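Student: This structure is in structure tokens; I'll ask about it shortly.
The values are calculated or read from the model by the stated rules, or taken from the named source; none is laboratory data. Being a predicted model, the structure only gives us computed values, none of them experimental. Note that we place each Cβ from the backbone using ideal geometry, even for glycine, and neighbour counts take in every protein chain shown. Side chains included, ligands, DNA and RNA excluded: accessible areas come from the protein's heavy atoms. Shrake-Rupley method; radii C 1.70, N 1.55, O 1.52, S 1.80 Å.
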Amino acid sequence: MRLCAYFFIPCLTLGCASVPQTFREQVSLGAPLYKENCARCHGAGGEGSPKGPRVVGLSAGALPLDPPSEAKHRKLQFKTVGDVAGFAVSSMPPNDPGSLSAEEYLAILAFDLQANGIDLKDQKLTLELAKSLEIPR
């Protein structure tokens, strides 16, 4: 079984052959993945629900620096996009953490970033780039 380079997670759904090459391609891939894997807890538009916090709307409290006191899964700060990526891989979805490929997690994150007004244009979101991107506050 082939492994993706970033998190060493098996490439089951995408296979490593269909890896998106730009942020825009990642966003396109991330939209249906978000709907399938995240929307039931975080809301169709990322607005949050009783099952999961807001992930879209930074000015409305999405992705706060410190985890909310009632957080069930998150215990670390979200300083960078890389912090969010690491948390997502280790904890999401809650019923099967780490079950997506690295490219799928990055695509969902790209979709969420764009929904928050962050556009990397033709650059590709990688784990290294994510570690260098501070979440705007």
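Student: Restricting attention to the range 54-76, report how many residues are modelled with pLDDT of 95 or more and within 15 Å of the chain's Cα centre (by Cα).
Tutor: Here the count works out to 8.
Student: Also, quick follow-up: Between K79, K131, K121, which is among the charged types (D, E, K, R) and at pLDDT below 95?
Tutor: It is K121.
Student: On to the next question. Check the range 15-32 and report whether any residue there is modelled with pLDDT under 95 and among the aliphatic types (A, V, I, L, M).
Tutor: Checked against the condition, which is being modelled with pLDDT under 95 and among the aliphatic types (A, V, I, L, M), the range 15-32 yields at least one hit.
Student: Among helices (runs of 4 or more DSSP H) lying entirely in the range 76-137, which contain 2 or more residues that are crowded, with 20+ Cβ neighbours inside 10 Å?
Tutor: Once the helices (runs of 4 or more DSSP H) in the range 76-137 are filtered for at least 2 residues that are crowded, with 20+ Cβ neighbours inside 10 Å, what remains is 81-91, 102-115.
Student: If you scan the range 118-137, which residues turn out to be under 22 Å from A44 (Cα atoms) and touching a residue at least 40 places away in the same chain (Cβ under 8 Å)?
Tutor: Across the range 118-137, the qualifying residues are D119, I135.
Student: May I ask you to verify whether S59 is closer than 16 Å to K124 by Cα, of a type in the set (G, A, S) and loosely packed, with under 15 Cβ neighbours inside 10 Å?
Tutor: No.
Student: How about the range 31-45: which of its residues are open to solvent by less than 70 Å² (accessible area, probe 1.4 Å) and either in contact with a Pro (Cβ under 8 Å, 6 or more places away or on another chain) or in a loop (DSSP other than H, G, I, E, B) (or both)?
Tutor: The answer is N37, C38, C41, H42, G43, G45.
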